[in-house]
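The values are calculated or read from the model by the stated rules, or taken from the named source; none is laboratory data. Given the structure is predicted, the values throughout are model-derived calculations rather than measurements. As a convention, Cβ positions derive from the backbone with ideal geometry for all residues, glycine included, and neighbour counts pool all protein chains shown.
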Amino acid sequence: MGERDLVVGVDLGGTHTYAGVIDVRGEVLIKKETDIDLSEDADTIIRNSIIPTIKSAIDDNPFLAGDIRAIGIGIPGNHDSKRGICFFSPNFKWRDVYVTPPIQKALKIPVYMLNDVRCAALGEKHFGAGRDINNFVCVAIGTGIGGGVVAGGKLILGDCEAAGEIGHTTVDPNGHLCGCGNYGCMEAMASGPNIARRGQEAMKNNKTTKLWEMVDDISEVSAYTLFKAAKEGDKLALKVWEDTGIYLGIGFANIIHTVNPERFIIGGRVAGAMEFFLPALRAEINKRARMVPPDSVELVNAELEENAGMIGAAALAFEKIGVF
Ligand SMILES: [Zn+2]
């Protein structure tokens, strides 16, 4: 056994498994990645991508290998973390998959797992924009909208580890159908694909928007296209971003009244367009969150960008083994 406490943090992206050997300062000492083929079944992905990636990170430097105490994994879905089962992952199309037991069996190191955005919240708590406070909410806006709630310095998991699923709070009772089966979820109105959908719908009644020049076909309009059009001052794109801020603001106001955070830490690809939705988001919060002083809740970008998934999963492992 060596003298340092190190862990492996594992991030399951849609195309790659990333595994990093990470120290208590959140520094990534070794990083490995392998492809994930989502057409394969879960057991094959675990055996052929996840376990070998972790193993190659551990084996990379024999001087560090003896110091590795635990493995943390961020899961893109919901779960029973104690039994290591992922109940459902929409992106991975996983149902009732045993994730941690085969990894622990193969590598003989304790393995812990948690939803990837809950892991990201732990990463921000220990190494990022949540370092200095005890009450904050992490929101990741990308293909979906995930969340993680830290209250009183602790990540809240709830009865069946679903606390933080703020993307599935309703922000429009007459809104669009969500992947979860509900209508008008924050995710169904303000995630990347749904920002794109609202942009495409608005274009149909607008012949003058720059968006028509930016794509060959209306179906190619993405949140990123709308970001670029907003940069050029396109009115329709700016309105789509403003509405995004309103939908998020409705959801955030509800969260404010539930857990009274000091700060929202906003990450994910859509956070790159924050300049265009922040004013409406702030205004909507002030309009609806009437039980807290106006402007009292901070809205900031996530600090951990590259490697955020691995570092968050490492933070989970450090907490589990009692280093933090
Ligand atoms: Zn939903």
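Just a few scattered comments:
- Among residues of region 195-212 that are in contact (Cβ under 8 Å) with a residue 40 or more places away in the chain, those with a beta-carbon under 7 Å from a residue that is of a type outside the set (K, R) and part of a loop (DSSP other than H, G, I, E, B) at least six positions away or on a different chain give the pairs G199/V221.
- In region 227-245, the residue that is surrounded by the most Cβ atoms within 10 Å (Cβ to Cβ) out of those that are in contact with a Lys or Arg (Cβ under 9 Å, 6 or more places away or on another chain) and under 20 Å from M186 (Cβ atoms) is V240.
- Where helices (runs of 4 or more DSSP H) fall entirely within region 171-245, those with at least 2 residues that are within 16 Å of the ligand (Cβ to nearest atom) are at 186-190, 192-203.
- Screening the candidates A271, A314 for the property of being surrounded by 15 or more Cβ atoms within 10 Å (Cβ to Cβ), over 30 Å from L236 (Cα atoms), touching a residue at least 40 places away in the same chain (Cβ under 8 Å) and out of contact with any Asp or Glu (no Cβ under 8 Å at 6 or more places or on another chain) yields one hit, A314.
- In region 89-126, of all residues being over 16 Å from the mean Cα position of the chain (by Cα) and of a type in the set (A, V, I, L, M, F, W, C), the one that is surrounded by the most Cβ atoms within 10 Å (Cβ to Cβ) corresponds to V99.
- Meets criteria (within 27 Å of M113 (Cα to Cα), assigned by TED's automatic domain parsing to the domain that holds G245, free of Cβ contacts under 8 Å to residues at least 12 places away in the same chain and charged (D, E, K, R)) for D216: no
- Checking V150, V139 one by one, the residue that is surrounded by 21 or more Cβ atoms within 10 Å (Cβ to Cβ), within 15 Å of the ligand (Cβ to nearest atom) and not in a loop (DSSP other than H, G, I, E, B) is V139 and no other.
- Residues in region 204-246 that are among the hydroxyl-bearing types (S, T, Y) and over 23 Å from the mean Cα position of the chain (by Cα): T208, T209, S219.
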